[in-house]
Amino acid sequence: MHEALTGAFTAQGNEKMFVIGERINGMFDDVRKGIENRDKSIIQQVAQKQIKGGADALDINVGTARGQAMDNMLWLVESIQEVTELPLCIDTTKFDVMSEALKACKNSAIINSSKATEEELERYVPLAVENNARLIALTIDKSGVPGDVDSRVEMGAAIVTKAMEHGLDISDLFIDPVILPVNVAPKQPVVVMETLRQLKVLSDPPPKFILGLSNVSQSCKLRSLINRTYLVMALAAGLDGAIMDSMDSALMEAGITAEMLMEKQIYCDDYIAAYLGN
Ligand code: THG
């Protein structure tokens, strides 16, 4: 096989893509109202649908719901743990909310997220180690999301170095090269794909890579089509998982098919059902 292809495929290992369900997010009206009215059943139903669609973990974000972010987050964590033992991906920029939510997690936890600044990494990497949690680190620094590949790769390297310094297992580290909406940042998809390719060979073993997939199509018309095409391209470039809508079956099927074609799963006529464990 061509060397570049061998590298791209073998560096990824054989793990299935890691699907973090995006829907428990106060940016969606049903979830926001559920939080504001402390209506557990709405939240629990959304969680169960994400799981049925094939989520391996659930992102939890209070969004713009009224009230205290802390109380809202702790209530969400509790409500969701009543119906699932899947890992919870605690999505908040507030450090105090993050630490308290981690304490409330009986399920395994993923910290979402740290920026790649020295200051944030010095707080979040030890927090992950202390709580036995996985960590998502974004290639964002004080000046925001970089436009070029090199700065993202440098930040990725800085993240890996910090993780090693503090004894965070590299297999517990996810780097997120950050998707911006394609209608305002059309050069970004190619930059993200190239960043994935370069960071994948940075360390052995490499960290894992995830993205917030739906960002790419915000305010676009053909959202599901854009999301699933992006997912397939990113998986081929080395993506390990995504925060995405597992209830979008066309999206899930495209991702599963890409993985089958990359020989992460042996083909059989029922490969989709086999993948989902149905
Ligand atoms: N990286 C990491 N975490 C993240 C993101 C990321 N968490 C949040 C976000 N980005 C990923 N989750 C979503 C969830 C929803 C949408 C986009 C990303 C979305 N929502 C609709 C919208 O804005 O149009 C909400 C409106 C609606 O449909 O009701 O698109 O990048 N680590």
Legend entry - Debye, to nearest 20: dipole size of the chain, +1 on Lys, Arg Cβ, -1 on Asp, Glu Cβ: 640
Legend entry - For the stretch 106-146, average projected area of the Cα convex hull in nm²: 2.8
Legend entry - Peptide ranges 149-156, 185-192, 35-42 listed from the most packed, as the mean C-beta count within 10 angstrom indicates: 149-156, 185-192, 35-42
Legend entry - Principal axis dimensions, the chain - Cα atoms, whole angstrom, descending: 56, 47, 35
Inset, instruction - Once you've got the Cα coordinates, tell me which of K106/K264; K115/K162; K40/K221; K115/K200; K221/K264 are over 21 Å apart. - result: K106/K264; K40/K221; K221/K264
Inset, instruction - Normalising by the residue count of the chain, find the relative contact order in percent from Cα pairs under 8 Å and 6+ residues apart. - result: 19
Inset, instruction - Report the percentage of all Cα-Cα pairs in the stretch 110-206 whose separation exceeds 15 Å, rounded to a whole percent. - result: 57
Legend entry - Residue (of V83, A157, N25) at the positive-pole extreme of the chain, dipole from beta-carbon charges: N25
Inset, instruction - Would you kindly calculate the translational diffusion coefficient of the stretch 69-114, applying Stokes-Einstein with the Kirkwood radius from alpha carbon pairs, for 4 °C and a viscosity of 1.567 mPa s, and quote it in µm² s⁻¹ without decimals? - result: 125
Legend entry - At q = 0.13, 0.21, 0.23 Å⁻¹, base-10 log of I(q)/I(0) for the stretch 150-231 (Debye sum, equal scatterers on each alpha carbon): -0.45, -0.92, -1.03
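Going by average Cβ density within 10 Å per residue, which order do the peptides 218-228, 173-183, 202-212 take, highest to lowest?
Ranked from most to least packed, the peptides come out as 173-183, 202-212, 218-228.
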Inset, instruction - Treating each Cα of the stretch 12-145 as an identical point scatterer and ignoring solvent, apply the Debye formula and state log10 I(q)/I(0) at q = 0.10, 0.12, 0.14 Å⁻¹. - result: -0.32, -0.45, -0.62
Inset, instruction - Answer rounded, prolate or oblate for the stretch 199-274, using the Cα gyration tensor with square roots of eigenvalues a ≥ b ≥ c: rounded when a/c is under 1.5, else prolate when a/b is larger than b/c, else oblate. - result: oblate
Inset, instruction - May I ask you to work out the translational diffusion coefficient for the stretch 132-278 at 25 °C, viscosity 0.890 mPa s, via Stokes-Einstein with Rh from the Kirkwood sum over Cα pairs, reported in whole µm²/s? - result: 153
Inset, instruction - Name the shape class, rounded, prolate or oblate, that the alpha-carbon gyration tensor gives for the stretch 29-96, where a ≥ b ≥ c are the square roots of its eigenvalues, rounded holds for a/c under 1.5, and otherwise prolate holds if a/b is larger than b/c and oblate otherwise. - result: oblate
Inset, instruction - Would you list which aspartates and glutamates come within 15 Å of K103, measuring only between C-alpha atoms, while excluding same-chain residues fewer than 8 positions from it? - result: D71, E78, D91, E130
Inset, instruction - Please report how far the C-alpha centroid of the stretch 14-49 lies from that of the stretch 223-278, rounded to the nearest whole angstrom. - result: 21
Inset, instruction - Select from the chain the helices, each a whole stretch of DSSP H, whose alpha-carbon atoms run 15 Å or more along the helix axis and whose Kyte-Doolittle mean is at least -0.5; answer none if there are none. - result: 69-81, 149-165, 188-200, 223-237, 249-261
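Each value in this text was obtained by applying a stated rule to the coordinates, not by laboratory testing. Computed from a predicted model, the values in this text were never measured in an experiment. A quick note on method: Cβ atoms are made from the backbone with ideal geometry, for glycine too, and the neighbour counts reach across all protein chains shown.
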